[in-house]
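The values are calculated or read from the model by the stated rules, or taken from the named source; none is laboratory data. Quick caveat: nothing in here was measured; it's all calculated off a predicted structure. As a convention, Cβ positions derive from the backbone with ideal geometry for all residues, glycine included, and neighbour counts pool all protein chains shown.
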């Protein structure tokens, strides 16, 4: 599939009001922190505006026009998410606050069946959100958390994976794209091996749902977690996607309104899916605006988004690699939206602060991956993360900002 | 020990005057980085978990001890800009009486265009460092 041409990206950028702004006085903003959160097109901002101006009502219970419209729009958003990700049944789409909450839900509810001696397999490149929830349930159940090591190029060590996968492995929970290294993991093959081993699989799609066409019926994982805000939608909304059979077999998550069928003082019965896992008034407005974000990126086309992001990030990786004083953290064969690096003799925080003065927003720190940092032997890194609206000219601006930073430090 | 001839307010006015000479942000940051490089290194014995300032993504260590009724501070960071900012803070706070530290308003950060470094942003930690110094002063 063909990436967007520069003229097309120029047109796309007009849809994003924030990309027109300036920072630190008169500098054009270069936003390269998309792995943290993406920017929002006007249609998403307008969908939120429209919801609160025209439709706002609580869903599923009101007997009036607004409640019916809000319920219809909220449920249409659920169907849109299911369709976008290739899930067979919208009842298996649980709205959550985002990927983190989705993984916690699985760890706390599905994880209750774990027993002492059971193993949860993750990897060294996981985000803390795909580590800590498993540690919490492991402490409660006596299960152990194991991690797939990485190769020197920053990819999963697949031989080690096959050795680690054993009859005690009850859960494999993996990120599809590393937020820190940009590595795209061969999850389809790994899911097949895990399923053949009788292991349940969760895929952390926080970084992949924004960049890759996802078809869950083909991917074959049991759980998929993602966040709207990384795919041009609002913050505070995301989803857990699973088969209704699996979700029905799990105990509920939080108790409260919406998730019940009958309540007495002594006991309660649960509502049907997906409401069993959506206690309390849900995040209606953001779910509806997320649907609008999905419409937007689907109209652009996920295959073209994938090609565009790959082109711009591969170009950035090779130009950063050639830049004096810059070292890449990883050399994966397939790269998602992110490229991370170190500057010789300059702390990543100093780099990000100086680069920001030139108007370029990048990330510095452990990027929520402290075990990965330990593996890399550095407490922090710099990360430039791209989306389909980023351009090669913006990478040029990043490189110029890096040169200025090195000059200020006296290392250029 | 440093003998202060001036008040915290005067020390801040001096810094504002110094920074007014810079033509652009690059000169300003180059100066902060120089200050960071010139800061006395902290004794290794203090660079431990107990002296780490919480809430910084870059590592910052801080040690404070009363000397002749005044608070003597030693601090270091692995990030050089932060270390330069530490040097600025020490220019204001070093060897002052605890009461003077607690009364001071660090307005100079705004005046020299470094206000964003005092924000609540956890990646920076200057805010946490100043709070830690103030806590030492309050308990001295």
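Looking across A:309, A:326, A:313, A:351, one residue alone is within 19 Å of the chain's Cα centre (by Cα) and either under 18 Å from residue A:153 (Cα atoms) or within 14 Å of another protein chain (Cβ to nearest Cβ) (or both). It is A:313. Residue by residue through the range A:360-377, note down the ones that are within 11 Å of another protein chain (Cβ to nearest Cβ) and closer than 19 Å to residue A:400 by Cβ. Once the filter is applied, which keeps residues that are within 11 Å of another protein chain (Cβ to nearest Cβ) and closer than 19 Å to residue A:400 by Cβ, the range A:360-377 yields A:363, A:364.
Check the range A:136-147 and report whether any residue there is within 21 Å of the chain's Cα centre (by Cα), surrounded by 23 or more Cβ atoms within 10 Å (Cβ to Cβ) and in the same structural domain as residue A:226 (by TED's automatic domain parsing). Checked the range A:136-147: no residue is within 21 Å of the chain's Cα centre (by Cα), surrounded by 23 or more Cβ atoms within 10 Å (Cβ to Cβ) and in the same structural domain as residue A:226 (by TED's automatic domain parsing).
Residues in the range B:60-76 that are touching a residue at least 60 places away in the same chain (Cβ under 8 Å) and surrounded by 14 or more Cβ atoms within 10 Å (Cβ to Cβ): B:60, B:62, B:64, B:66, B:70, B:71, B:72, B:73. When residue B:125 is tested against (1) closer than 22 Å to residue B:42 by Cβ; (2) at pLDDT below 80; (3) more than 14 Å from chain A (Cβ to nearest Cβ); (4) under 13 Å from the mean Cα position of the chain (by Cα), only condition (3) is not met. Would a scan of the range A:358-374 turn up a residue that is buried (at least 18 other Cβ atoms within 10 Å of the Cβ) and over 21 Å from residue A:182 (Cβ atoms)? Checked against the condition, which is being buried (at least 18 other Cβ atoms within 10 Å of the Cβ) and over 21 Å from residue A:182 (Cβ atoms), the range A:358-374 yields at least one hit.
Screening B:34, B:24 for residues that are more than 17 Å from residue B:138 (Cα to Cα), surrounded by fewer than 19 Cβ atoms within 10 Å (Cβ to Cβ), facing chain A (nearest Cβ under 10 Å) and modelled with pLDDT under 90 leaves exactly one candidate, B:24. Filtering the range A:329-345 down to residues that are in a loop (DSSP other than H, G, I, E, B) and under 16 Å from residue A:36 (Cβ atoms), which residue is farthest from the other protein chains (Cβ to nearest Cβ)? Residue satisfying both the conditions and the ranking: A:336. Residues in the range A:65-90 that are buried (at least 19 other Cβ atoms within 10 Å of the Cβ) and within 18 Å of residue A:242 (Cβ to Cβ): A:77, A:78, A:80, A:81, A:82, A:84, A:85, A:87, A:90.
For the range A:375-405, residues that are touching a strand residue (DSSP E or B) at 6+ places or on another chain (Cβ under 8 Å), modelled with pLDDT of 95 or more and buried (at least 18 other Cβ atoms within 10 Å of the Cβ) total 14.
Screening the candidates A:348, A:371 for the property of being within 17 Å of residue A:33 (Cα to Cα) and out of contact with any helix residue (DSSP H, G or I) (no Cβ under 6 Å at 6 or more places or on another chain) yields one hit, A:348. Taking the range A:378-412 as the range and being outside any helix (DSSP H, G or I) and within 14 Å of chain B (Cβ to nearest Cβ) as the test, the residues that pass are A:378, A:379, A:380, A:381, A:382, A:383, A:409, A:410, A:411, A:412. Only a single criterion out of (1) more than 29 Å from residue A:378 (Cβ to Cβ); (2) out of contact with any helix residue (DSSP H, G or I) (no Cβ under 7 Å at 6 or more places or on another chain); (3) at pLDDT 95 or above is not satisfied by residue A:240, namely (2).
Okay, residues lined up against (1) in contact (Cβ under 8 Å) with a residue 24 or more places away in the chain; (2) within 14 Å of chain A (Cβ to nearest Cβ); (3) touching a helix residue (DSSP H, G or I) at 6+ places or on another chain (Cβ under 7 Å); (4) crowded, with 16+ Cβ neighbours inside 10 Å:
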| position | (1), (2), (3), (4) |
| --- | --- |
| B:44 | no, no, no, no |
| B:58 | yes, yes, yes, yes |
| B:78 | no, yes, no, yes |
| B:89 | yes, no, yes, yes |
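Of all residues in the range A:94-109, those satisfying the criterion of being assigned to a helix (DSSP H, G or I) and either under 22 Å from residue A:289 (Cβ atoms) or touching a strand residue (DSSP E or B) at 6+ places or on another chain (Cβ under 7 Å) (or both) are A:99, A:100, A:101, A:102, A:103, A:105, A:106.
For residue A:262, the criteria (1) more than 21 Å from residue A:392 (Cβ to Cβ); (2) in contact (Cβ under 8 Å) with a residue 12 or more places away in the chain hold in every case but one, which is (2).
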